[in-house]
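One structure is given here, and the rest of the page talks about it.
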Amino acid sequence: MDGRIQGSDAVFEAKFMLPWSFSQEAAAEKYMPQLQHNMWVVAARTAVLSVITGGGKWVEILAHADPLYQHLIVTAERKFWRCVETGEEPKLFGVEPPKPRIEALRIIDMTSSNAWAEFAAIFTRTRQAHAEHEQARTELKALMPEDAKEAIGHGLRAKRSKSGAVSFDLITSTPEASHAAG
C-alpha cells in the first residue's frame, strides 16, 4: 500500500501506465484486486488510484469498498498461500472484480447514432404515458384498504404481499363475469 489520504480513511495507490494502452476502465480493472485487498487490510471504505501515464497525463480514480469481493479475494489469497505451503497446485475460481464507479467527465454527441435516435423517440413519445401510469399506480394503491389482501375490478387485480408491497396484474375476465357465464 502506497499510503492513506490525510483527513479521510481512504487508501492511496500510485501507478505509472504507458499512454498508448491507458484507459481509466483498464486501470481500474487491473488494480481493483489490489485496491480491494488494501481497503480490507486497513478497514477503509474508499481507495484512490493515482495514475500518471508516459504522456504526462494524471488521472485519479476513486474506488469504493465491496465487502463481498473483499471476502472472496481474501479467501482466494488464503487458498493460494496454503498451496504455497503444501505444494498443491492452485485451482482458479471465477470471481469478477467489482466495476468501479468512474467519475463521468465527457459530453458525447449522439446525433450520429441510429439506435440513440430510435430510443430517444420512444422515450419522448411515451414519457407522458409513463407519468400517467405512475400516478394511476399511486392512486390505486391509496384506494386499496390496508386490510385487503387482494382487490379486483375493471380488468385489474392488485395483490398485497406479506411485506405490504402492492403489485398489479391485468386480468382478462373478472370473477363476476366467469360466475355469470357458469
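The values are calculated or read from the model by the stated rules, or taken from the named source; none is laboratory data. Everything numeric in this text was worked out from a predicted model, so none of it was measured. As a convention, Cβ positions derive from the backbone with ideal geometry for all residues, glycine included, and neighbour counts pool all protein chains shown. Accessible surface areas use protein heavy atoms only, side chains included; no ligands, DNA or RNA. Shrake-Rupley method; radii C 1.70, N 1.55, O 1.52, S 1.80 Å.
Here are the numbers:
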item	result
Matching option when the condition is at pLDDT below 90 and of a type in the set (V, I, T), among T124, T111, T172	T172
Count of region 101-148 residues which are free of Cβ contacts under 8 Å to residues at least 12 places away in the same chain, of a type outside the set (A, V, I, L, M) and in a loop (DSSP other than H, G, I, E, B)	8
Set I52, I61: member being under 23 Å from the mean Cα position of the chain (by Cα) and either open to solvent by 70 Å² or more (accessible area, probe 1.4 Å) or β-branched (V, I, T) (or both)	I61
Region 11-66, residues that are over 20 Å from L105 (Cβ atoms), touching a residue at least 40 places away in the same chain (Cβ under 8 Å) and not in a helix (DSSP H, G or I)	A44
When residues of region 51-72 are limited to those that are modelled with pLDDT of 85 or more and among the small types (G, A, S), the one farthest from V41 (Cα to Cα)	A63
Selection from region 73-107 of residues that are hydrophobic (A, V, I, L, M, F, W, C), open to solvent by 60 Å² or more (accessible area, probe 1.4 Å) and modelled with pLDDT of 85 or more	F80, W81, V84
